[in-house]
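**Q** First, the structure itself, so that you have it in front of you.
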Amino acid sequence: MKDKVVTIDQAMEKLHDGMTIMVPGFVNCGVPQTLIQNILNRGIKDLNIISNNTSVKGKGIGKLVHAGAIKHITCSHIGNNVETVEKVVNGEINVTFVPQGTLCERMRAGGAGIGGVLTPTGLGTPMQEGKQVVEWDDAKGEYKFVTDADPVNGKRYILELPLHADVAIIHAYKADRIGNVVYHRTARNFNPIMATAADFVIVEAEEIVEVGELDPDVIVTPSCVVDMIVQANAEDRN
């Protein structure tokens, strides 16, 4: 069993300008604050971020927004962070909005190797623009691609493509030294999904324990998807 605990400097060697990074968290809950702070410390920039939201000014992902480290963000909501809104309006950050449920399923598809998901969410709205629409044909018992000009003969769905990242930075309540991970209540949020949908997974854990100390029944993210573990710094959450 490989010991995956490393120093923060070793973990940061895996991150560089222009990467696509998944960052979990719901506003400021379950956010990998130590890893974010060290991205800032090293001046990494031009990032493509996939996250549910951009937190609030001066907190979590909001620190990356303030530092101008984000080039593009795929998210479901930015309204809590007025600084993000200003940067989007001024053209400093490009944004792709994805409904929250669709965001989850696209990441799940990216982690499972599924080619996409079908959803009615967004039909007839700007969410549909530039995307393929399929329709279920009851008579033939099959799906077919359609356009708005085609007559409606069945149930229609948008084909949403999977989301995948170069790196996912994950926040855990506890992790053992080989990478089995436990989350704390609602701080779980997007962490488990994102841990499956990236080429490389770095976990920051509030507590690192020895192998065998975690109850197998409470492990959520298994060690097989985790590449590195670092100690979370409580001061970074302030």
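The values are calculated or read from the model by the stated rules, or taken from the named source; none is laboratory data. What you see is a predicted model; the values in this text were computed from it and never measured. Because the Cβ atoms are built from the backbone with ideal geometry, glycine has one as well, and the counts that use them run over all protein chains shown. Surface accessibility is based on the protein's heavy atoms, side chains included, excluding ligands, DNA and RNA. Shrake-Rupley method; radii C 1.70, N 1.55, O 1.52, S 1.80 Å.
**Q** Please report the spacing between the Cα centers of the stretch 156-188 and the stretch 195-238 in Å, no decimals.
**A** What the calculation gives is 10 Å, centre to centre.
**Q** Packing-wise, with mean Cβ within 10 Å as the measure, how do 188-194, 119-125, 221-227 rank, highest first?
**A** Ranked by mean Cβ neighbours within 10 Å, highest first: 188-194, 221-227, 119-125.
**Q** Determine the dipole magnitude for the stretch 84-238: charges of +1 sit on the beta-carbon of Lys and Arg, -1 on that of Asp and Glu, nothing else is charged, the reference point is the Cα centre, and the result goes in debye to the nearest 20.
**A** 420 debye
**Q** Defining a contact as two alpha carbons under 8 Å apart and six or more residues distant in sequence, what relative contact order in percent does the chain show?
**A** Dividing the mean separation by the residue count of the chain yields 23 percent.
**Q** Would you work out which of Val225, Gly60, Val23 lies farthest towards the positive end of the dipole of the chain? Charges go on Cβ: Lys and Arg +1, Asp and Glu -1.
**A** Gly60
**Q** Right, here's the next one. Expressed as a rounded percentage, what relative contact order does the stretch 30-120 have, with Cα pairs under 8 Å and six or more residues apart?
**A** It rounds to 23 percent for the stretch 30-120.
**Q** Moving on. Does anything in the stretch 84-105 have its amide N under 20 Å from the 7 Å Cα→Cβ label point of Asp17, and if so which residues?
**A** Hits in the stretch 84-105 for Asp17 at 20 Å: 92-94.
**Q** For the stretch 51-170, what does the relative contact order come out to in percent, with C-alpha contacts under 8 Å and a separation of six or more?
**A** 21 percent
**Q** Of all the accessible heavy-atom surface of the stretch 23-129, with the other protein chains kept in place and a 1.4 Å probe, what percent is carbon and sulfur?
**A** 53 percent
**Q** Okay, next question. How much accessible area does Arg42 have with a 1.4 Å probe, in Å² rounded to the nearest 10?
**A** Accessible area of Arg42: about 100 Å².
**Q** For the stretch 163-238, what is the charge dipole size about the Cα centre, in debye to the nearest 20, if Lys and Arg each add +1 at the Cβ and Asp and Glu each add -1 at the Cβ?
**A** Around 240 debye, computed over the stretch 163-238.
**Q** If you place +1 on the Cβ of every Lys and Arg, -1 on the Cβ of every Asp and Glu, and leave all else neutral, what size is the dipole of the stretch 14-113 about its Cα centre, to the nearest 20 Debye?
**A** It works out to roughly 220 debye.
**Q** Right, next: Tell me, how many Å apart are the Cα centres for the stretch 57-114 and for the stretch 123-151?
**A** 28 Å
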